[in-house]
Structures are given as structure tokens and as C-alpha cells.
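Structure first, then comments.
The values are calculated or read from the model by the stated rules, or taken from the named source; none is laboratory data. It should be emphasised that the depicted structure is a prediction, and the values quoted were computed from it without experimental measurement. Quick reminder, even Gly has a Cβ in these numbers, built from the backbone with ideal geometry, and neighbours come from all protein chains shown.
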Amino acid sequence: MGKLTVISAKIPEEVYKELVLRVPEGERSNFFRDAIMEKLEKTPRPDKILELEQRIGGLENSLAEVRRYLADLEILTYERGKINPHAFCIDDLDHKIMDHLIQRKGATTPELAETLGVNRWLILNRLKRLQRRSKKQLGKPIVKYYSEEKFGKRKAWWMNEELLQN
């Protein structure tokens with residue numbers, strides 16, 4: 001053990017009385033030192049926690065990447081139907097757009113742009129490309145634009161439910 005430092009602590013009177021009964025007067029410093037060391041051994045170091053968080057984050061990213069690759073290969077099917085809407089996505093932004101539309105059934109271009117933190121014209125172009133690619137492959141688009149009001153939203157993009165529920 002290296003250099004010793006004096007510390008003081010306030011404890012409840014009941015705890016002090018119990019300490020006086022159980023630990024002899026000359027052994028109390030050793031008792032506190034041992035108790036603190038035992039507690040420190042059980043408490044993980046912040047750098048270890050950070051390292052574990054980074055490793056878990058890396059594993060989550062790897063798993064998401066594997067799922068996307070499987071979805072692109074159409075091995076992993078979409079739970080609600082036979083058509084996997086992620087099969088028409090090219091990159092991460094397309095996947096995020098599709099996730100948002102699946103979760104909320106539909107959204108306006110400005111809503112998507114704000115949620116994803118990108119330009120609304122980029123979102124519009126991506127949605128049109130998703131629409132073209134799905135129409136070319138399936139004969140029907142996976143996403144549709146409706147200018148009239150639907151579920152309280154006007155001029156919004158909606159998932160084609162009939163394709164997802166086959």
C-alpha cells in the first residue's frame with residue numbers, strides 16, 4: 001500500500017453504534033479501508049464502461065448492417081407481408097426514409113427532411129426513385145404520393161398497404 005490519506009465521513013448514528021459494537025477500536029481504519037477496497041472492486045471503471053458501450057454500439061451497427069444486406073438479398077422478409085420494402089433501398093438514407101414511412105404509415109417531405117436532418121429536395125428525389133424502382137420491379141409502387149388529405153395529412157407520401165399485406 002502506498003501513502004495513506006485521511007478522510008472523514010458522516011454516517012447515521014445507528015450505523016456508528018453498530019460499528020462500535022462489532023469492530024474493535026484499533027481495527028476501524030482497516031475495516032473502512034477494506035470495505036472501500038471491496039466496494040471499489042465491484043464498481044467498474046469508467047473507461048471499462050466506455051469501452052463496453054463502444055463494443056456494444058459496434059455490435060449493434062454490425063447487426064444492422066447484416067440485416068440490411070439480408071434484406072437487400074431478400075432473404076430476410078418483411079414481417080407483415082411477403083414484400084420487403086427495404087429491397088428497393090440503395091443506401092442508408094433510403095433505409096431511414098423507408099423505416100420512417102413504415103413506422104408512421106406516411107409522412108410529408110418536410111417532416112421526413114426535418115426528422116432525418118437532410119434537404120427536403122433530397123428526400124423528394126429519393127422517394128421518387130424508390131417509387132420508380134418498386135414500380136419497375138413489382139408493377140406497382142411501394143410508396144405513393146397523395147395530394148388530398150389522408151389521416152390528417154395533406155400532400156404526403158404513403159406506403160402502399162396492399163403490397164405489404166399480401
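The table that follows gives values for the structure above.
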| quantity | calculated |
| --- | --- |
| Filter result for the condition that a residue is in a loop (DSSP other than H, G, I, E, B) and either within 16 Å of residue 101 (Cα to Cα) or modelled with pLDDT under 85 (or both), over 140, 136, 128 | 140 |
| Considering residues of segment 99-110 that are in a helix (DSSP H, G or I) and in contact (Cβ under 8 Å) with a residue 40 or more places away in the chain only, the residue surrounded by the fewest Cβ atoms within 10 Å (Cβ to Cβ) | 102 |
| Unique residue being at pLDDT below 90, among the charged types (D, E, K, R) and surrounded by 10 or more Cβ atoms within 10 Å (Cβ to Cβ) when the list is 55, 67, 45 | 67 |
| Search result, residues across segment 111-128 that are of a type in the set (Lys, Arg) and either surrounded by 15 or more Cβ atoms within 10 Å (Cβ to Cβ) or not assigned by TED's automatic domain parsing to the domain that holds residue 160 (or both) | 120, 126 |
